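Below is one structure, written out as C-alpha cells; comments come after it.
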Amino acid sequence: MYFDKISLSNLSNIIPYSWNNKYKITMILFIIWVVFIDNNSFITLYSRYKQINEINKQISFYKVELSKTEEEYKALFNKKTYFEKFVRERYFLKKENEDLFIFSNE
C-alpha cells in the first residue's frame, strides 16, 4: 500500500520546502482564520460596513422627510386657508351646500 511506504524521512521529500517551516504554516492558518472563519472576519466586517452605509442612507432620507412633515405641520396649524385646503384634498370633506366630484385616472 502507498501509505506504508511513507515514513517521516520520506515525508520531507513529498511536502515542498516552503511548507516545512512551522511559522509559515502557522501564519497561513492564522490568515485563513482571520479572513474566513472568525466571528469578526473580514467578510463579516465588510457586510456590516455595507449595512451601516445602507442604514445611514435611510437615516438621511427620513431626516429629509421629517423636515418636510414639520414644515407642513407648521403651515397647517398657522394658516386657516391651508388647513381647509389640506382637509379637502386629503379627506374629501366639503361645505354644507356644496357638491363634491372626484375624478380618477383609470
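Laboratory data are not the source of any read-out in this text; all were calculated from the coordinates shown. As the structure is a computational prediction, the values presented were derived from the model and not from experiment. With ideal geometry, Cβ positions are generated from the backbone for all residues, glycine too; neighbour counts draw on all protein chains shown.
Numbers for the structure displayed
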item	result
Principal semi-axes in Å for the range 21-64 [√(5λ), Cα gyration tensor, largest first]	37, 6, 4
Volume of the Cα convex hull of the range 40-106, divided per residue and given in Å³	137
Under-25-angstrom lysine pairs by C-alpha in the range 40-106, whenever the two are 8 or more apart or on separate chains	16
Charge sum, other residues only, whose C-beta stays under 14 Å from Phe61's C-beta, Lys/Arg counted +1 and Asp/Glu -1	+1
Loop-resident sites, the range 27-106, for chymotrypsin sites (Phe, Trp or Tyr not before Pro), counting at most 14 other Cβ within 10 Å (DSSP)	Phe92, Phe101, Phe103
Hypothetical label at Glu106: residues of the range 70-90 whose amide nitrogen lies under 20 Å (7 Å Cα-Cβ projection)	90
